[in-house]
Each structure stands twice: as structure tokens, then as C-alpha cells.
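Comments concern the structure below.
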Amino acid sequence: MTKLRTLHISDLHFGRASSNKPEDIAILILEAIETHNKENINCVIITGDLFDGRPDKSINKEQFTLDFLKVLQKELKLSSEDFIIIPGNHDLKRVDKNPDFSEYNKVLERFYNKDYYEESFDSKYLFTTKVYPDKKVAIVGLNSCMVETSQLDNSEIKWITDLKTLDEKQKEEIITSLQKKKEEEWDDYGMISKEQLRNAFKKLTEKVENIEEYTVVACFHHHFYPFPEIYSKYGDSSIIRNFTDVIEKFQKENVKIVLHGHKHMPIIGPVTNHNYLSDPNSIFYVFSAGSLSHKDETQRSFEIIDIFSPDSDRISDVFRFNYKLDSLQGLETFRIPPKNDNTQHSIAELYNLFRVEYPEEFKLYWNDIFEQDDISSNNRIEDIIKNISLAISPFEELIKSLRDSPIGFQLILYAVHYRLNYLNKQYNKGKNNFITILKNYLNVLFEDKNYLVHLYKLLEANRAKNFITEYEKLCADFSKYKKYTAYVTVALFLVDLYSVFSKYGEIYYKNERINANIKLKEETFHPNIPISTFRLESNIDRRSISIHFKCSDPTIHKIAVLIIKDFEKRITKIEDSFGVLGLKLYYVFPKVERNNYDLDNLNFEAYIPKLLPLLTGDNLYKRKEVFIRELIQNSLDAILLREDILRAKGQQLDDDLKIIKIEIGIDNNPVANKERTFIRIIDHGVGMDRFKVERYFTSIGRSFYKSEDFEELQKNENIEYKPISNFGIGFLSAFMVCKEIDVITKSYEDSEKGLKIQIPNYDGCFFINELPELKDVGTIITLYEDKQHYVWNIDNIVQYIEDTFIDFKLEIQIKNNLKGDQIKRILPFNIKRNLNVMNLFCPIEEDKVLPMPIDAVIQGNHINQCSYGVLLTINERNDSNSKGEVFYLNSGIALTQSNDKSLDFELPNNMNLYCNLPASFIELDVARETIRRFKGHNISKREIWGDLCLQNRELVDRALEYAPTIRLSLFNDLYKFFIQNADKKTREYHYNIPRFHLKLTKKKDKQFKLSINNSDEGVGFVYSKDNKDLIELILTLYESLFHRLEVNMQGSIFQEIEEFVSSKQMINIVQDSWKFEDRRYDIRHFKERYFYDNIFDYDLLHRTSYYFSRANKLRFYSKNDEIKNENSIILSLSNIEQEIGRFHRMNNEKYDKINIDAYSEYEYILKCLALASFMDMIDRKEQTRGKDTPKILEVSLKEFYIMAYNILTLFYEIISDKMTIEKTKDFSIYIRI
């Protein structure tokens, strides 16, 4: 949008004795222009009567005229070519029937120069044309002046013909005499011949290629329509006589403005004819300038006309300067065409609202900024403000906010002016001092200069990325000015949107790198999208803004739509500012009117009835009971957030308000008049206000806890609450099990009223009613069963709650009215309340693992003091082959699995590990059931292992104090847990892991003592100061069993136990082999045989030997992972034929009386195990030699050492199952020959 500012003057009548001096009239005009800030005149149009018809011969009227024109030209800083001068009826000489403009022509030749005059003015008709391409205005100046001698009218001679005293001859002589006298008088009238009209407009179209892109102005002297204002006072014989032809020609040539003079009366009015009925655009407007001629004229006037280009929302603005004598009486302003008051509403037009509410501030803005800012004027600022008005006017909260203070209007308007000037400076490389003027006005609004510095950065951030960066800085650092920032942000968003379509589309598409494989050719965007067709329209119901425009090219259509969607992305970044002002706009839709091409743009839109089942059905959640988890999680966040807010203020939330209540019952369906089941979830959390309901609660995928609104709340309330809620779709899960939901809520903020939200179905519609009397803060959500949709299983739902909220921070009360008002309580941190002494707990807080002494765990201090952590539980052994489980919890709520295995632990089958982490440490899938990854950078498996290991050390060291009645086997299982999960890179940790173990002490040759100890460092469950003792003990056992056995060892024993077997295999030796058996033989089986005359059960012996067979198949490695040469050291056992025969007899006869000397059942068990190992060696020897009975049994030292270790490990494992810690101190066995 551009405009041509024109000074329109008429009827100066220089040459009359009573007229002012020419320079005085010029100064009169110039001072009026300066007083009312109407400088920057582009063109001067004078519509006739430079001269007076009866000039004073002492006055040089030609020089007067030239002096006047030269003063105006100099002061207005114009070229003479910017003056369009049209002849009037007093500018011709009445000496002939044909008009004589010789004096007039001489003045024009002198003012312009002869060459320009002859080139620009038609020699026959004196018409002229002038085109302003940059302003899109074309002017044609026409000569309407004609003259003729006067003729007697019949009414003037009727009295003569009626005289009866005169004869006919006398009457004829009198009439002839009067006729001759009448012919000496001249009659002026207006006429523009068809030839002049045709030639003038032909000349104009030769200068302009696309005349339809121009506002066409016609100017001449005479009026051509009998305006009532003239006719009623003077009669009207001097109008343009062929005005019908002129009007039709003007309509054909799309003339929009006509300027004239002649009657010394300022008039504005529309002109049309019968064509208006078929073409309403055929109307045009006529402006008469009045006169500045005589100083004794009581009414004098001139006018300034802003003529707008066709893409504007108006044709012109007229500013009329009225004088009484030499005194300026005031300025009248007219908008053409005028607005229809019936279609205007005070909130629909930003200017009107500003002017009505704050007239003084509006006047200051209008005079000092709007009228002075030519850059903004040339960039269609009025159309921009009109579209901003269209966008914001439907939102009552925003309009109310504007009415409260003028600063809202000022910031929006100043921001628009600033942006337009800055964009012009950036892309047109022009100097622009008006930005400095705007900064001066903004400086008056704010004392905080630091805020202004950042505000200017936002105003000058013309790239989307930079804009968002500066916006976020403003919001973060100057939250107290959030409303002011919002006004500027909204204004910049809308002015940028408009400017892209009006002037900067190609630049935006290139600079923002719109992600699309569509090439935009230079200078093609704007010619195909007329900005005059651009219009914004907001839709409150859809929370959207539509952009209407016409387009004549399918490629430009696509690019325009892509640009619009890019702006929609920006809304998601600045939506908090929209929310501050109550501007509920989240989507931008293009509405394109196509011109001769076939292309549609469609948006991916959510069809709610189909979308909700997809979001809440089996595609997302594995079971429908999940809905209750989602709703309880929301209640948890609401309560804990309210608690944090009160705590920051030095207040507390009552304990009874921290309980989440679930009520199950029956009510009556008012529509169907049938009973129906309901589930009601009640919390006393922060509640919701209308803004949060509309923006978050009922918006799919929009989470309050992930918004800048929540960040701002945290900052304002000085809290750091980290919520569970994440995706903004949890509430929708309720629609898996019902269709109808009622919500009653009241925000914790005192000023907010209660609300009732009725959701009759999931088609996307909901209703809100205010509940002014509601006092209780919080939210009540009621779900109603619809058996046609889904039948509830209340028992399953209740059980799901118990299974899911296993370590929850708040108490949950379930009142089931279907079972006689039964109330079930799930206490806070339920899993930690009934644990035994053998549990270890590692607290997690502030993104780190915290140490905790074992006595604090045993005393239960961790229950309420530590919400998060890793809990290791150990129970009595069972016969299950399955491993223990790791349970991951999100703030005490059980999850199904973790895809991130970095915190997984290996567990024995009687152990469980509960890893309860805050929501901020884990990234969940959309269903909030599976961990995608852990986000706690300072939490590692190694740290957790280390802290639990420290607790285990305390527990082992003080076992007699803490756990005297606990079975030894549970401590063994703890030790296995730490060995299995130790860091492989730090094997020295293995020696520092405390444990109970079997200690071997050699007293003298072939005399050994076995005891249970917890103080020796080492690995595994068997400790011997000298590893040679281990082999000698087993050989001693063999000799006690087989008296004829001879032993021969080749080589020497020097390897440590780690040379033969890894730590993990050492503690798993029993578990890995023994667990494959159908049933586990414990100490009871051996005691039975011991007290039955020492008759050994062959079945038990065989099964025990089978254990050694499996254990022997394990691969054992040295420290450098190289398999040792098994033949390096050989142990020979001879004279074994008799023993082999005994085993065969046992196999055939089931029993054989073998004399096993034992002083206790423990010694008996140990010798049985030794016998079983010997049997295994014989079985394997026979398998290699066939059926021949071997006489000598050769075993590698490695194999025998491992077997010896296995015997003692299995022995320790068997006795641990029944032995308590307090009995270990008295335990000892002596082995001797």
C-alpha cells in the first residue's frame, strides 16, 4: 500500500485589487500544513482560475501567479513538474466565440519551461497527464472551460410581446436592440468533449502499462453534477453540460477521484449513475477545494488529499483546512469511502477503540507518529492495523486488557511502526531516522533501561530463530513485564505475517529456509498474491486464525501455505504471550481463493471421535485399567505442586488434604433414568482456572507441566517441583472405559471461581459453567460407566491400583460403595513398611546417590525421609528356577519394563530390586509404562552397587547384633549378588566384599579344622591360608574312606585359587549345577542317613556325584584368560579296584554297609560329598577306558583342586540353609585320620 499526498488548491483569482499578496497566500497554506503535521507533499493540483475575471489593471496578475507558484515550489521542495495546473473559466479571454488562453499559456510556459509545457500539455485542449509509478497513482488534467455570447431568453422578451400599445414593427426593433446588447455579454459553461476525453485517456494509457494497478484521478475546473449545496443557493447553469458522457467515460476508465473548483465551496460527495446497479465499483468521489481568493471572503479553504494505491482498504483521506478571513478555524478529516457505522463495533477497530478510550494519547500517536511515518504509510500500516483488529477483536479478555491502560495500544502500534521501519532499513538499505523517534517514545513508557535494550533486540529480530531467542530471554529475565512483552510479541507476529505477504515473501522463504523442494523464482510471489485480498479472521471455537488471500499461480499457492505453516510453528514458541493476553490462538489455516488453476491445500486435522480411540486404545496402552493410573498421577502432581507453593510461603498443606480419594458407587442417569456405576477421583491439589482448562486440560498433547506457564509459576512461587506428567494425553485414557465425564475444579488462586466441565462424549465438545459458590480447592473427576462402550470390572481396577502404586508418596483411599462402604487404604511408601532386616536401601536425590548407614535402614528412617532410591529385598529361598526381578518405578508407580539396561542387576531367585526414580530422571514412552532411557547423569549402577555394598559390610560385620536369627544362606545370597554385579574392570572389589565363609585351618599333618568366619578377605565361600591345605584335606578324607588308597603327586602346588576359577564361577558353582536337579537335597537328607547306622543312600550318592560331573564341565580361566595345561601336575590314586567293585555292588543291591566314621552329622555330610566326588572321578575314568576296570586313577592337579573346592562349597551351601547367624560362632569340624 502506497499513497500520494496532494495539495489541492483552486480559484486563486490573482489580479483582483482586494486579493492578498501571493506570498501571503502561500505562507497561509504552508503554516497550516506545518501546524497540523501534513508535510511531505508529493504533488500540487490547481483546478483553475489562477486569474480574476475582472482584474485590476495596476496588478500584474501573471507575475502574481508566478510568484505564488515559485514560493510553494521552493518551500515544498518540489519540481515544477509536480505541479498540475488546470485552466478555469476566468483564465481565458472573452474576445471571440472560441476560448483564448494566451495569457494563461504564457504563465505556464514561464513556470515549467517551454519544452516541458509543449510536451506535456495538449496544444488543442490543454489537457495533461502525470503518472507516479512508485505511488501507483495516475492523474489526468482536463480543460472544461467553454464560453459563448448570451442569448435572450423568452422570459426576457415576453413583456414586450404582451404590450398592446406597440405595433409589431416597434416590438421587433426593441427586441433587436436588446439582442445586440445581450450579445456583448459572455456566458461561461463547462464542457469536456468526447474527443478530449478520448485523447486524454489514450495519452494516459500510453504512459502506464497496467492502468488497473493505479488509482486514476481526473481534475478540471467546473463541477459536473448539480450538487444540492450549490443548486439550492445559486441555481446552477455552469455545470458541465455533457456530464452524462463524462461520467460514463470516467466509469469506463476506472476513475476513482475527481478534483474540481469553480463554485468556491468545499464539497465531498459520491457520483454514480445507473451502472451502479450492475457494478457497485463504478462509483467515484468528487472533491471541490473551495477558494483562497479574496481576503474579504468569509469562507476560504484548501485541502490535502492522501490518494492511496488500489491495494489499500480506502481510496483517500481528505484533510480540509477551513478559514474565516485569515484565521484557520480547524481541520476536518474524511475517510473515503467512509466506514459504515452499522458494521463497526468499538472492539473491531484498534484505532477507534484507542481514540474512544484514550483520546489524548491517541491524538499524540496520530499526530506525532502516524502522520510523520511515511515508511509505515507506504507499507500499508492502516491495512495492517485493520487486520490486527480483525485478529484480536473476538477475544474479550484481550480487549478488556487494552481498555485498562493506554500502554497496550501504544506498544502494539509502536511495535508495528518499528518493525516496518526496521524491515525497510534492512532490506531496502535506506536510512531511517524514524526508528530513533520511536525509541524516544518507547523510552517514555519504561524506566527500566535494561528491559528496553532487550525489547529493541526483539523488535529488530527479523529472523524466526533470532526472534525466539530474544523472546525467551525477555520472558526469562523480565517476567514482571510479561504482559508488555506479550503486547509487542503479538503485534510482531501479526505484522510479520502481513509483511511477508505484502512485501517480503521471497526474502522470508529464502532466509528461513522453508523445508520444501519447491523453487521460488524471483519477483513472482507478490505479483501472484494481491495484498488487497489479504485478510485475517479469528475463530474462537477452533482456536485458530485463518489467512484469506487470492492467488493466481499454483506454485506460489504452495509456497504461501508453507510459509503460513511455518508461522504456526512460531505460535508454539510464543503461545505463553498469547495466553497472557487471553488470545487463544494455536493454529493458522490458509484460505486461498484460486484464480484459474486447480490446487487445494488441506491440513492434517484431528477428527476427535477417531483420534481418541487411537490415542487411548490398545495401540498405546496394554490394558484398560491404565486410565486410573493416569488420573491418580495427575492428582499426585496437583497435590505436591500445591504443597510446594504453600511451603515456599511458609505454610503447610493439611495431611487430610494430601489424600487421593477414589469413590466407587451408583447414581441415576438423568437422561436414561437408569442406574449407572461411577468412579470418582478427588484431590485437593492446585485445581484449574478457565485458562488452564481451555489451553491444557482439553488440548490433546499440550501439557501444562511442559509449558512456559509452568516455568513461570515455578519462578514466581520460588519452587522447583518436578512433575510426573509429561505428554498431555493422560486424561484421554479415561475415554477407553467411558464416554461421559464430569469435572469440578477450583484453582488455588483466591480470585478464581469454581468451574464445572461437562464432557458428554469424546466427539470433541465440552461445556463450562462457573460455580461461584465452590469453596474447596482441587479437582473432582467423575467417570460414568456406559456398558455399551465398556463394562467395568471393579475388582480388577482396585487390584490394579494396589499392584501399581507400590511405593507411592501419597495415601490412596478407595471407598467402594458397591461393597458396603468398604474403605481400602494404600499407605504411602507401602513397599518399604514391612521389610525385614536383610533389606538394603540406597537413597537417590538431587541427581545423585546418597549414602545411608544400615542402622537407619533397619530403623525405617528411609520410609518417609527418602522418596526415591534403590531397594534390594531378600526373602527365604524357594525352589523356583526363575531369577529375581528388577522393578522400575516412576515416583512409586510400577512400570512394565526398561529399554535402557544400564541399571539392570543380576539377581538370585529370592531377591527383588525396586528402582524408584523421580520422573525427571527417566524418559518414558507415551504410554508411561516403559523407560526409554535414564536422564540422571550422576546415577550409575556402579554407584548404587558401591553404596549397597557399604551397607552390606555393616550388616555382615554386625550380623550377630542385627540379624542373629537370620539364616546364613541369605547372607550367602547377598554376597552372590555383589559378586555377580561387580564391575569387571575393578576385580579388586571382589576381595573387599564382606561375606561369611567356610574357613579351613591345618592343625598338623592330616588334621584340619573347619569353622565359619566373616573377617577374612578373599573370594568365594571357602578360605584357606594355603591352597595346598585344600587338596590335602580332601586326600585326607579319601584316605579315611579308602584305607588302601595310595597317593602320588608329580610337581608342586603354587597357584592361587584365582588361577583356576573366576570369582563369579566360584560363588555360582553350586547354584549353576545344583539347580538343574529335580529336587534339592539339603542337610535333612544327610542327617537321615547319619542316624540310620551310617547306611549310605546310593541314590543320594549318585545324584551328588552327578553334581560334580556338571560342575567339572565348566570352563575355568586364569587371570590372563588362557586355559591352563591340565597335565602340568598329575595326581595318581592307586589300589582303587576294591572301591570300584563296591560302587558296582551298591548300584546293583541299592545299599551296602560302608563304614563312614564321623563324629557329627556335619562330618558325615562332608565325607559323603567326598565319596560322591570320588565316584564321579571313577565314572568318568570308566567312560574313557570302556568296560575295563582302572587300577590307577590319574587326575590333573587343576581338576582335583576344583573338585576339592566344589566339595567344600557344596558342603557350606548345604549347612547354610539351616544354620542361623548366632549358631555360626559355635560351629567347628575336625577332620583327621
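The values are calculated or read from the model by the stated rules, or taken from the named source; none is laboratory data. It should be emphasised that the depicted structure is a prediction, and the values quoted were computed from it without experimental measurement. Don't worry about glycine lacking a Cβ; one is built from the backbone with ideal geometry, like all the others, and counts go over all protein chains shown.
Here are a few things to note about the model shown:
- Counted residues, the stretch 551-570 - those being more than 15 Å from residue 585 (Cα to Cα) and without any contact (Cβ under 8 Å) to a residue 40 or more places away in the chain: 2
- Taken together, 756, 832, 809 contain a single residue that is within 30 Å of residue 977 (Cα to Cα), under 34 Å from the mean Cα position of the chain (by Cα) and of a type in the set (Lys, Arg), which is 809.
- Taking first residues from the stretch 413-428 that are touching a residue at least 24 places away in the same chain (Cβ under 8 Å) and partners that are of a type in the set (Lys, Arg) and part of a helix (DSSP H, G or I), the Cβ contacts under 8 Å between residues at least 6 apart in sequence or on separate chains come to 423/503.
- Of all residue pairs spaced 6 or more apart or on separate chains, those with beta-carbon atoms under 9 Å, a first member in the stretch 527-546 that is in the same structural domain as residue 504 (by TED's automatic domain parsing) and without any contact (Cβ under 8 Å) to a residue 40 or more places away in the chain and a second member that is crowded, with 17+ Cβ neighbours inside 10 Å and of a type in the set (D, E, K, R) are 527/553; 528/553; 529/553.
- In the stretch 5-15, the qualifying residues are those that are touching a strand residue (DSSP E or B) at 6+ places or on another chain (Cβ under 7 Å) and crowded, with 22+ Cβ neighbours inside 10 Å, and the one that is modelled with the lowest pLDDT is 15.
- Boolean, residue 873 is hydroxyl-bearing (Ser, Thr, Tyr), at pLDDT 80 or above and closer than 18 Å to residue 908 by Cβ: yes
- Pairs meeting the criteria (first residue in the stretch 125-136 and within 17 Å of residue 210 (Cβ to Cβ), second residue polar (S, T, N, Q), beta carbons under 6 Å, at least 6 apart or on different chains) are 135/2; 136/2; 136/309.
- Failed item in (1) touching a helix residue (DSSP H, G or I) at 6+ places or on another chain (Cβ under 9 Å); (2) under 22 Å from residue 24 (Cα atoms), with residue 129 passing the rest: (2)
- Qualifying residue in the stretch 847-860 (condition: of a type in the set (Asp, Glu), surrounded by 12 or more Cβ atoms within 10 Å (Cβ to Cβ) and over 42 Å from the mean Cα position of the chain (by Cα)): yes
- Filter result for residue 61 (free of Cβ contacts under 8 Å to residues at least 12 places away in the same chain and farther than 30 Å from residue 364 by Cβ): no
- Of all residues in the stretch 969-999, those being over 21 Å from residue 1010 (Cβ atoms), modelled with pLDDT of 75 or more and either in contact with a Phe, Trp or Tyr (Cβ under 8 Å, 6 or more places away or on another chain) or of a type in the set (S, T, N, Q) (or both) number 8.
- Apart from one condition, residue 479 fits all of (1) more than 28 Å from residue 563 (Cα to Cα); (2) under 21 Å from the mean Cα position of the chain (by Cα); (3) modelled with pLDDT of 90 or more; the exception is (3).
- Looking only at the stretch 888-923, and only at residues there that are among the small types (Gly, Ala, Ser) and in contact with a strand residue (DSSP E or B) (Cβ under 7 Å, 6 or more places away or on another chain), the one that is farthest from residue 639 (Cα to Cα): 902
- Against the conditions (1) at pLDDT below 90; (2) touching a Lys or Arg at 6+ places or on another chain (Cβ under 6 Å), residue 639 satisfies every one except (1).
- Total residues in the stretch 766-796 satisfying the condition of being buried (at least 18 other Cβ atoms within 10 Å of the Cβ) and closer than 30 Å to residue 865 by Cα: the figure is 4.
- Residue in the stretch 368-381 that is among the β-branched types (Val, Ile, Thr), part of a helix (DSSP H, G or I) and at pLDDT below 90 present: yes
- Subset of the stretch 677-704 [part of a helix (DSSP H, G or I), touching a Lys or Arg at 6+ places or on another chain (Cβ under 9 Å) and either in contact (Cβ under 8 Å) with a residue 40 or more places away in the chain or surrounded by fewer than 19 Cβ atoms within 10 Å (Cβ to Cβ) (or both)]: 690, 691, 694, 695
- For residue 819, the conditions (1) without any contact (Cβ under 8 Å) to a residue 12 or more places away in the chain; (2) out of contact with any strand residue (DSSP E or B) (no Cβ under 9 Å at 6 or more places or on another chain) are fulfilled apart from (2).
- Search result, residues across the stretch 544-557 that are touching a helix residue (DSSP H, G or I) at 6+ places or on another chain (Cβ under 8 Å) and within 28 Å of residue 396 (Cα to Cα): 545, 547, 548, 549
- Condition check for residue 979: touching a Ser or Thr at 6+ places or on another chain (Cβ under 9 Å) and free of Cβ contacts under 8 Å to residues at least 40 places away in the same chain: no
- All conditions in (1) farther than 16 Å from residue 628 by Cβ; (2) assigned by TED's automatic domain parsing to the domain that holds residue 638; (3) of a type in the set (Val, Ile, Thr) hold for residue 837, with the sole exception of (2).
- Selection status of residue 432, in a loop (DSSP other than H, G, I, E, B), surrounded by fewer than 22 Cβ atoms within 10 Å (Cβ to Cβ) and either in contact with a helix residue (DSSP H, G or I) (Cβ under 9 Å, 6 or more places away or on another chain) or of a type in the set (A, V, I, L, M) (or both): yes
- Criterion (among the β-branched types (Val, Ile, Thr) and outside the structural domain of residue 892 (by TED's automatic domain parsing)) met by exactly one of 956, 926, 1019: 1019
- Of all residues in the stretch 545-597, those satisfying the criterion of being closer than 18 Å to residue 509 by Cα and of a type in the set (Asp, Glu) are 553, 566, 568.
- Candidates in the stretch 680-711 are the residues that are over 15 Å from the mean Cα position of the chain (by Cα) and among the acidic types (Asp, Glu); of these, the one that is modelled with the highest pLDDT is 683.
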